[in-house]
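The values are calculated or read from the model by the stated rules, or taken from the named source; none is laboratory data. Keep in mind that what you see is a predicted model, and the values were worked out from it rather than measured. Backbone-built Cβ (ideal geometry, glycine too); neighbour counts: all protein chains shown.
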Amino acid sequence: MRQSVIDLETFYTSRLGRLAEIMAGRRLNGLWPDLTGRHLLGFGYTAPYMRRYIIAAKSAVFAMPAAQGAVVMGSASGVSSVLTQDDCLPFQDASFDNVIVAHGLEEAVDVHVILRELWRVTMPEGRIVIIAPNRRGLWAQFDKTPFGAGRPFSRVQLRKALEQSGFAPSMSAGAVYAPPMRLFARPRLAMASEKMGETLWPHVSGLVMVEAVKRLYAKRDGSVAEPAVRRPIKGAVIADINQHSFEAKSKQP
């Protein structure tokens, strides 16, 4: 059973949650510095990582698994949230340029079902990034954070899962090297831990991030066939992201 969205919200208001958001966000900013004019999808609980993009993005949709629950993210700017099933996302094919996954795979019944659905709704040459607990890291060993629940991953496991679902992995990185203790949530100490970990222990980060690209004709295990995906069931309500679109707003001086 997935963690409650309330528990996830509560965690990200804590010092440890803020530490995870800042350090993972630092990596994400380096990977995707600007998503102006892009259609953005978040799957799982992605609010801490998407908020940096929603003003500039053309549209931003928060897809939250039904077993987790959802919080209202709608606003006049067009940001929206939707409760979804893992095996049938309510979006048209090739709807999103960029996809962020956080707290979306660890407690899933079938990781590949989710990734195949995300492949379906991603545009050709679109990009996906997965943020997940590192099976080698301390954060996956402690139940005091949401990253200690469910299944942790290695970079190799995530890359393989993405490849099997039709994506072509492009890069991977670690984030959050400080131990999951409030003492290390202080900015200077956290940044020192981050720099030391990146240099000395790059594979024992608390979180792992893997980016991949949707390439229709990239070879996967010697095959060029598209992965089998479920299309939305006939008669289901399909969310058109253009209904949630919003133009980037100029900042007031």
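For segment 177-189, give me the residue count where each residue is over 15 Å from residue 144 (Cα atoms) and under 22 Å from the mean Cα position of the chain (by Cα).
Residues meeting the conditions: 1.
Per-residue answers, yes or no, for (1) surrounded by fewer than 17 Cβ atoms within 10 Å (Cβ to Cβ); (2) of a type in the set (Gly, Ala, Ser); (3) touching a Gly at 6+ places or on another chain (Cβ under 9 Å):
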{"residue": "1", "(1), (2), (3)": "yes, no, no"}
{"residue": "7", "(1), (2), (3)": "yes, no, no"}
{"residue": "10", "(1), (2), (3)": "yes, no, yes"}
{"residue": "30", "(1), (2), (3)": "yes, yes, no"}
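Just one of (1) of a type in the set (Phe, Trp, Tyr); (2) touching a Pro at 6+ places or on another chain (Cβ under 8 Å); (3) within 20 Å of residue 129 (Cα to Cα) trips up residue 11, so point out which.
Of everything listed in (1) of a type in the set (Phe, Trp, Tyr); (2) touching a Pro at 6+ places or on another chain (Cβ under 8 Å); (3) within 20 Å of residue 129 (Cα to Cα), residue 11 misses just condition (3).
Would you check if residue 93 is within 29 Å of residue 215 (Cβ to Cβ) and at pLDDT below 95?
no
Can you find even one residue in segment 160-176 that is within 29 Å of residue 68 (Cα to Cα), touching a residue at least 12 places away in the same chain (Cβ under 8 Å), among the basic types (Lys, Arg) and not in a loop (DSSP other than H, G, I, E, B)?
no
Only one of these is under 27 Å from residue 36 (Cα atoms), more than 15 Å from the chain's Cα centre (by Cα) and of a type outside the set (D, E, K, R): 172, 95. Name it.
Among 172, 95, only 95 is under 27 Å from residue 36 (Cα atoms), more than 15 Å from the chain's Cα centre (by Cα) and of a type outside the set (D, E, K, R).
Mind checking whether some residue in segment 213-221 is closer than 30 Å to residue 164 by Cβ and modelled with pLDDT of 90 or more?
Within segment 213-221, one or more residues are closer than 30 Å to residue 164 by Cβ and modelled with pLDDT of 90 or more.
Does segment 1-36 hold any residues that are farther than 26 Å from residue 56 by Cα, aliphatic (A, V, I, L, M) and not in a helix (DSSP H, G or I), and which are they?
The one that is farther than 26 Å from residue 56 by Cα, aliphatic (A, V, I, L, M) and not in a helix (DSSP H, G or I): 1.
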